[in-house]
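**Q** First the structure, which I've put down as structure tokens, then a few questions once you've had a look.
The values are calculated or read from the model by the stated rules, or taken from the named source; none is laboratory data. On a predicted model such as this, the values are computed, not experimentally measured, just so you know. Here the Cβ positions follow ideal geometry from the backbone for every residue, glycine too, while neighbour counts run over all protein chains shown.
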Amino acid sequence: METTLAQARLILASGSPRRRELLSHFGIPFAVIPSDVDEACNGTGIAQVAMLALRKGADVASTHPHLPVLSADTLVCLADKVLGKPANALDAEHMLSVLSGAWHQVHTGLCMRLPDGRLFERVETTNVKFRTLSHAEIARYIATGEPMDKAGAYAMQERGGMFVERIEGSPTNVIGLPLAALAQVLTAAGLLTDG
């Protein structure tokens with residue numbers, strides 16, 4: 001549950017409302033302090049999400065070293081081509097057109113940084129298949145504005161979910177925080193226990 005910094009046992013280094021909602025399922029009091037780290041990065045999608053999650057966590061931990069910091073980054077990849085957030089409507093149209101009728105991968109990097117310097121890192125991958133989309137459907141979706149701040153130009157948990165035909169792997173990974181992998185990270189970090 002989201003709380004003040006004084007009551008928090010954990011900091012979420014993300015301003016994403018979707019990550020806030022997903023993290024709240026664990027019942028651990030957390031504060032939200034988004035990272036403003038530069039997200040320019042090179043390499044494969046898997047390498048980028050791992051590096052960006054690490055950077056985001058380090059950025060927030062540098063000013064809040066006394067609490068564990070959870071950071072994450074999610075990217076959409078099609079045949080090893082990284083599809084980040086669209087720059088404009090034309091870019092969103094291109095992304096959705098190439099995803100139409102195709103399988104693609106969603107990678108999320110997780111990083112838990114503890115005050116003693118220990119790191120717990122994971123990368124989760126989910127395979128997603130889009131049904132074939134018409135030009136009119138793509139145009140209508142772009143007109144909603146929803147694709148503009150989403151990796152791959154869609155949000156599965158919102159209107160973009162109507163494009164998803166099949167999924168292999170964690171559904172919450174596609175939303176931005178893979179809950180099963182996160183449970184393992186929180187347990188390893190001592191923040192989630194059976195007792």
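**Q** Can you name the helices (runs of 4 or more DSSP H) wholly within the range 108-195 that have at least 2 residues being surrounded by fewer than 17 Cβ atoms within 10 Å (Cβ to Cβ), out of contact with any Leu (no Cβ under 7 Å at 6 or more places or on another chain) and touching a residue at least 40 places away in the same chain (Cβ under 8 Å)?
**A** Values: elements: 135-143, 171-175, 179-188.
Of the helices (runs of 4 or more DSSP H) lying wholly inside the range 108-195, those with at least 2 residues that are surrounded by fewer than 17 Cβ atoms within 10 Å (Cβ to Cβ), out of contact with any Leu (no Cβ under 7 Å at 6 or more places or on another chain) and touching a residue at least 40 places away in the same chain (Cβ under 8 Å) span 179-188.
**Q** Considering only residues that are of a type in the set (A, V, I, L, M) and either under 23 Å from residue 156 (Cα atoms) or touching a helix residue (DSSP H, G or I) at 6+ places or on another chain (Cβ under 9 Å) (or both), which ones fall in the range 1-24?
**A** Residues of the range 1-24 of a type in the set (A, V, I, L, M): 1, 5-6, 8, 10-13, 22-23.
Passing the criteria: 1, 10, 11, 12, 13, 22, 23.
**Q** Somewhere in the range 80-103, is a residue closer than 21 Å to residue 122 by Cα and at pLDDT 95 or above?
**A** So far as the range 80-103 goes, no, none of its residues is closer than 21 Å to residue 122 by Cα and at pLDDT 95 or above.
**Q** Is there any pair linking a residue in the range 1-19 that is in contact (Cβ under 8 Å) with a residue 60 or more places away in the chain to one that is among the β-branched types (Val, Ile, Thr), with Cβ under 7 Å and at least six apart or on different chains, and which?
**A** 9/28; 10/28; 18/175
**Q** Is the range 15-28 home to any residue that is more than 17 Å from residue 175 (Cα to Cα) and among the charged types (D, E, K, R)? Spell out how you get there, then give the answer.
**A** Here is the first cut: in the range 15-28, the ones more than 17 Å from residue 175 (Cα to Cα) are 27-28.
In the following step, the residues that additionally are among the charged types (D, E, K, R) were identified as none.
The answer is no; no qualifying residue exists.
**Q** Look through the range 21-36, keep the residues that are under 21 Å from residue 84 (Cβ atoms) and surrounded by fewer than 18 Cβ atoms within 10 Å (Cβ to Cβ), and return whichever of them is nearest to the chain's Cα centre (by Cα).
**A** So the first thing to find is which residues in the range 21-36 are under 21 Å from residue 84 (Cβ atoms), and the list is 22, 34-36.
Of the ones still in play, those that are also surrounded by fewer than 18 Cβ atoms within 10 Å (Cβ to Cβ) are 34, 36.
Numbers: 34: 13, 36: 15 Å.
Among those that are under 21 Å from residue 84 (Cβ atoms) and surrounded by fewer than 18 Cβ atoms within 10 Å (Cβ to Cβ), it is 34.
Residues are listed down the side, and each one gets a yes or a no for (1) surrounded by fewer than 22 Cβ atoms within 10 Å (Cβ to Cβ); (2) in contact (Cβ under 8 Å) with a residue 24 or more places away in the chain:
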site	(1), (2)
42	yes, no
55	yes, no
58	yes, yes
69	no, yes
76	no, yes
91	yes, yes
102	yes, yes
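**Q** Among the numbered conditions (1) at pLDDT below 95; (2) under 24 Å from residue 5 (Cα atoms), tell me where residue 150 comes up short.
**A** Just one mismatch for residue 150, condition (2).
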